[in-house]
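Quick notes on the structure that follows.
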Amino acid sequence: MKFELLPDKVARVLSDAGRIADEIGYNIYVVGGFVRDLIIGVENLDIDLVVEGDGICFAKKFSEKYSAKLETYERFRTALVTMENGLSIDIVTARKEKYPHPAALPEVSEGTVRDDLFRRDFTINSMAIKLNSNDWGKVIDFFEGEKDLSKGIIRILHDLSFIDDPTRIIRAVRFEARYGFHMEEKTESLAVKAIESGIFDALSRERIGFEFDILLREKNFAEILKRMLNLGILEKIYPEIDLTDVLMDILASLDKKISLLQKNLKFNENIDKILLYILILHYNMNSEKACSSASRMRLNKSFKHEILSFINIRDNSLPMLIGKGSVSNYDIYIAFKEISTEVLVALYLIEDNHIFHERILKYINCLRSIKPCITGKDLLKAGVKPGPEFKEILQSILIQKVNGTINTIEEELDYVKKTRISSES
Ligand code: CTP
């Protein structure tokens, strides 16, 4: 076992866990994704421990040793320990699960480590490593997980797995893309059957949203979407999404496209890639569909606002901005003024129009930072009385600066003088 490759803090936590379990007479194992990634040599700091005994009792002793934060969940006898060194450790009491009906949350009862591994999603996630000192490092692999891992196969443990928990279908697609694996034939055909039977209708929007949110953070999101499209998952969970080949291509090369664009743009602000994905996914919708999709996805208010602003500019300003007709700098400024960088970037990537691209570049690189140099103090000095006239003068200076008819502070002051003279005469 590649324990020696683990960061020191992780190795120490695991051996301490084994020692503490020895003291109270429990068997203890590290399980799931941690073991999978350890075997293939990928760093994973999410530690899941299974205790044959009382998980909460173990968690109390363990958190005392490290003076760590402890949260316990009585119903399933599980606990979460958050340590000062940044590690968080999930501790569960080994259990059996029974699903009362499809897609429901399971009923649980006490069990062995084998029961606990059998209730899991795929063979590659159903391995354990024993941590007690007498068996330290022993791999427990009842379901040939290691063999599947070496062959790159995602395989469920029993035929009803996807019926019990349809989120596993989404997880399967995620692991396929992340590791370049593929579902074993029977697993895939059971997934397709479950999808066709409408299994996702039984799943709450929250649970779908939770899984989708994880997908958005995966490196190969576009690949995942394509697979979800082909398996018919996307239309079942998010029927409003209409992914054309053009959108798919943009999603697939998003990182490259963003860094190319950043070279042309004078900004190095961080772009929220998840927001960008969400905007692109909503591009082919009208506002009504977009609202219903955003609610279905359980998106927050700010994301909903961004989507609507994206659709609004697409419908109302785009025809003017992609046209050859005369468009002043101030027209561009006004059209983009309230728009986030992500919306601008999404529009830039989707609209393949040279004139439009130049206008976006001009706005981001130059227009958006223009402001009058003079302040209220200068206006007072020039004899302007505080009130609506202040705002009018500053606004007029802004328009002229954006359009390039005023360029320096002297010209701004001249303009104020001229307005004073004409308003007095
Ligand atoms: N698990 C499962 N069925 C699910 C979710 C999780 O069987 N629907 C099990 C798997 O054994 C999984 C473990 O719980 O390995 C931990 O789940 P989670 O942390 O969500 O996934 P990981 O496999 O660790 O994947 P990731 O690397 O994406 O965190």
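Of the residues screened, Arg12 is one that is more than 25 Å from Phe142 (Cβ to Cβ), more than 16 Å from the ligand (Cβ to nearest atom) and free of Cβ contacts under 8 Å to residues at least 24 places away in the same chain. Residue count for region 23-54 under the criterion of being more than 12 Å from the ligand (Cβ to nearest atom) and charged (D, E, K, R): the result is 3. Within region 403-425, if we keep just the residues that are charged (D, E, K, R) and more than 26 Å from Lys362 (Cα to Cα), the residue that is modelled with the lowest pLDDT turns out to be Glu424. Of the helices (runs of 4 or more DSSP H) lying entirely inside region 161-210, those containing at least 3 residues that are away from the ligand (no atom under 13 Å from the Cβ) and under 20 Å from Leu149 (Cα atoms) are 185-196.
Scanning region 360-416 for residues that are among the charged types (D, E, K, R) and loosely packed, with under 12 Cβ neighbours inside 10 Å yields Lys371, Lys377, Lys385, Lys391, Glu410. The residues of region 48-86 that are exposed (fewer than 14 other Cβ atoms within 10 Å of the Cβ), out of contact with any helix residue (DSSP H, G or I) (no Cβ under 8 Å at 6 or more places or on another chain) and of a type in the set (Asp, Glu), listed by number, are Glu64, Glu71.
Residues that are among the charged types (D, E, K, R) and under 34 Å from the mean Cα position of the chain (by Cα) were ranked within region 46-63; the one that is nearest to Val81 (Cα to Cα) is Lys60. For region 102-132, a residue qualifies if it is more than 14 Å from the ligand (Cβ to nearest atom), more than 18 Å from Leu157 (Cα to Cα) and in a loop (DSSP other than H, G, I, E, B), and the qualifying residues are Leu131, Asn132. For the structure I just gave you, tell me whether Tyr73 is under 23 Å from Thr167 (Cβ atoms) and without any contact (Cβ under 8 Å) to a residue 40 or more places away in the chain. Yes; evaluated as a whole, the condition is true for this residue. For Tyr277, the conditions (1) hydroxyl-bearing (Ser, Thr, Tyr); (2) buried (at least 19 other Cβ atoms within 10 Å of the Cβ); (3) within 16 Å of the ligand (Cβ to nearest atom); (4) within 23 Å of Arg298 (Cβ to Cβ) are fulfilled apart from (3). Would you confirm whether or not region 212-233 contains a residue that is acidic (Asp, Glu) and modelled with pLDDT under 95? No: zero hits. Gly404 fulfils the conditions (1) within 23 Å of Lys337 (Cβ to Cβ); (2) part of a helix (DSSP H, G or I) except for a single criterion, (2). Looking only at residues in region 258-303 that are within 15 Å of the chain's Cα centre (by Cα) and among the basic types (Lys, Arg), the one that is farthest from Leu361 (Cα to Cα) is Arg298.
The values are calculated or read from the model by the stated rules, or taken from the named source; none is laboratory data. Computed from a predicted structure; not experimentally measured. Backbone-built Cβ (ideal geometry, glycine too); neighbour counts: all protein chains shown.
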